[in-house]
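The values are calculated or read from the model by the stated rules, or taken from the named source; none is laboratory data. On a predicted model such as this, the values are computed, not experimentally measured, just so you know. Here the Cβ is made from the backbone with ideal geometry for all residues, glycine too, and neighbour counts use every protein chain on show.
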Amino acid sequence: MLVVGITGGIGSGKGLAAEFFRSRGAVVMDADAIAREVMQPGSPVLDDLARSFGQEILRADGGLDRRRLSQAVFGQPGAVERLNSLTHPPIMAEIKRRLDDLRREGKTAVVCVVAPLLLEAGGRDTVDRVLVIAAEEEERVRRVMARDGLSEEEVRQRMAAQMPPGEQRRGADWVVDTTPGRSAARRRLEAIWQELST
């Protein structure tokens, strides 16, 4: 079983890559979806977050208010590091558990782990190859503002909290730039899939 980590900054186009590989038969694990699962109401992770960042990050039903958490974290000195120290270990542990399950089953050839902070979370050893999805900064800002309804300042705060693109590229086996558009990106992804399949 080959495990490919798909990473890249916010707005780079990781969803496009995930969709492409899923259409080719790969199993896709989404670290953001796993994060939501490990931060369910009553979970130790959510309790730790509320203790660290305040009860105001919780909704009335006890769930996580992601917007309020973002407001409590981004732009605050040391807060991103504190957040990551509380969330990265349980998320990576769950990803490893699921990969171990798939290996035991022995039915999966390629697994893609889509994780925006794969390299920051120390996940390089969890995957066999790393695919970095990239795009020009202004294009990423435009995409995220349109997708998430965030202000330019909010988007740039999130970008500043992530590993710089140049550093991500140094840890990559492949880089796909999605700035030229979806068709060009898919052609590059197809070439990578052919390489994975041989």
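Would you check if there is a residue in the stretch 108-119 being of a type in the set (Ser, Thr, Tyr) and in contact with a strand residue (DSSP E or B) (Cβ under 6 Å, 6 or more places away or on another chain)?
So far as the stretch 108-119 goes, yes, one or more of its residues are of a type in the set (Ser, Thr, Tyr) and in contact with a strand residue (DSSP E or B) (Cβ under 6 Å, 6 or more places away or on another chain).
Going by what's in this entry, would residue 13 be described as modelled with pLDDT of 95 or more and on the phi > 0 side of the Ramachandran plot?
Criteria met by residue 13.
Taking the stretch 175-192, which residues are surrounded by fewer than 18 Cβ atoms within 10 Å (Cβ to Cβ) and of a type outside the set (D, E, K, R)?
Matches in the stretch 175-192: 175, 179, 180, 181, 183, 184, 191.
Do any residues in the stretch 102-123 that are within 11 Å of residue 91 (Cβ to Cβ) have Cβ atoms under 6 Å from those of residues that are buried (at least 22 other Cβ atoms within 10 Å of the Cβ) and among the polar types (S, T, N, Q), where the two are at least six apart or on different chains, and which pairs are they?
That search, which allows pairs on different chains as well, returns 115/7; 118/7.
Which of the residues that make up the stretch 114-153 are assigned to a helix (DSSP H, G or I), within 21 Å of residue 87 (Cβ to Cβ) and touching a helix residue (DSSP H, G or I) at 6+ places or on another chain (Cβ under 7 Å)?
123, 126, 144
Of (1) under 23 Å from residue 10 (Cα atoms); (2) touching a Leu at 6+ places or on another chain (Cβ under 9 Å); (3) surrounded by fewer than 16 Cβ atoms within 10 Å (Cβ to Cβ), residue 113 satisfies all except one. Which?
Failed condition: (3).
Considering the stretch 104-142 alone, what residues qualify as being charged (D, E, K, R) and closer than 21 Å to residue 193 by Cβ?
107, 128, 129
Suppose we filter the stretch 81-97 for residues that are among the acidic types (Asp, Glu) and in contact (Cβ under 8 Å) with a residue 12 or more places away in the chain; how many remain?
1
Can you tell me which residue within the stretch 51-69, out of those that are among the aliphatic types (A, V, I, L, M) and under 22 Å from the mean Cα position of the chain (by Cα), is nearest to residue 84 (Cα to Cα)?
That would be 69.
Scanning for something modelled with pLDDT under 95, surrounded by 13 or more Cβ atoms within 10 Å (Cβ to Cβ) and of a type in the set (S, T, N, Q), does the stretch 160-172 turn up at least one residue?
Yes, the stretch 160-172 contains at least one residue that is modelled with pLDDT under 95, surrounded by 13 or more Cβ atoms within 10 Å (Cβ to Cβ) and of a type in the set (S, T, N, Q).
Specify which of the listed residues (62, 25) is surrounded by fewer than 20 Cβ atoms within 10 Å (Cβ to Cβ) and free of Cβ contacts under 8 Å to residues at least 60 places away in the same chain.
Unique residue meeting the criteria: 62.
Across the stretch 80-92, which residue is surrounded by the fewest Cβ atoms within 10 Å (Cβ to Cβ) among those that are over 12 Å from residue 160 (Cβ atoms) and aliphatic (A, V, I, L, M)?
Restricting to residues being over 12 Å from residue 160 (Cβ atoms) and aliphatic (A, V, I, L, M), the top hit is 86.
Given the conditions (1) under 20 Å from residue 32 (Cβ atoms); (2) at pLDDT 95 or above, report the number of the one that residue 116 does not fulfil.
Status for residue 116: all satisfied but (2).
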